[in-house]
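Participant: Okay, handing you the structure first.
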């Protein structure tokens, strides 16, 4: 399979499946990394159209990895009872561009440091619907599911070493409050949603790199909730997509 490295000005959406996770893992939390005070639930009053809510992904490598040039990210969402259709508040047809991704570290992190040392570029590559589930979600849950694909890269000259004992900041995702209330609003902000950081894949030149999945800080530290307890996080897929599945999104 031909490797395609993440570009510096745009995200090259690639998800090369190399191997299963070993001793490392991933974390997801609202506001910041869990080690920097991030929390697992966000409750919104759904009463404003301005502002946004942000969640942060981080990772702990399975093993030490030299000269990393990029990371590839898969996030899964499932809404409501898991069998209904995802609310239009979480659909880009009603709220175009409501979700974004960036590589900007939150404040002055002292534990969860930026693997890219401030040089990361990239962001959201796709927010995909039921047709792109990664092949592991039950048909009855497809309408309630969405998948986020993203990536962050550095120039080859800024390649960074990462170490298995450390937690690294990976990305922020912002969920806008636009079109929440009033004329033209999109229903469903109050519906509970489970969000799972399915995997982060470290890219290191032509080396296959490594894929981290599952909670690093704790068993469920790869999962967050919106509006409290809702659908079972176990309903989201855990199978990584192939490059062919990702490429199909752009044709």
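Participant: Give me the extension gain from residue 163 to residue 64: residue separation times 0.36 nm, minus the current Cα-Cα distance, reported in nm with one decimal.
Facilitator: On the way: separation 99, 0.36 × 99 = 35.64 nm, distance 0.43 nm.
So the chain would gain 35.2 nm between residue 163 and residue 64.
Participant: Counting only the backbone N, which residues of the range 198-239 are under 18 Å from the spot 7 Å out from the Cα of residue 138 toward its beta-carbon?
Facilitator: 230-239
Participant: Counting pairwise Cα distances across the range 21-167, what percent come out greater than 22 angstrom?
Facilitator: Details: 5177 of 10731 pairs.
Looking at the range 21-167, the distances longer than 22 Å represent 48 percent of pairs.
Each value in this text was obtained by applying a stated rule to the coordinates, not by laboratory testing. Fair warning: this is a prediction, and the values are worked out from it, not measured in the lab. Note that each Cβ is placed from the backbone with ideal geometry, even for glycine, and that neighbours are counted across all protein chains shown.
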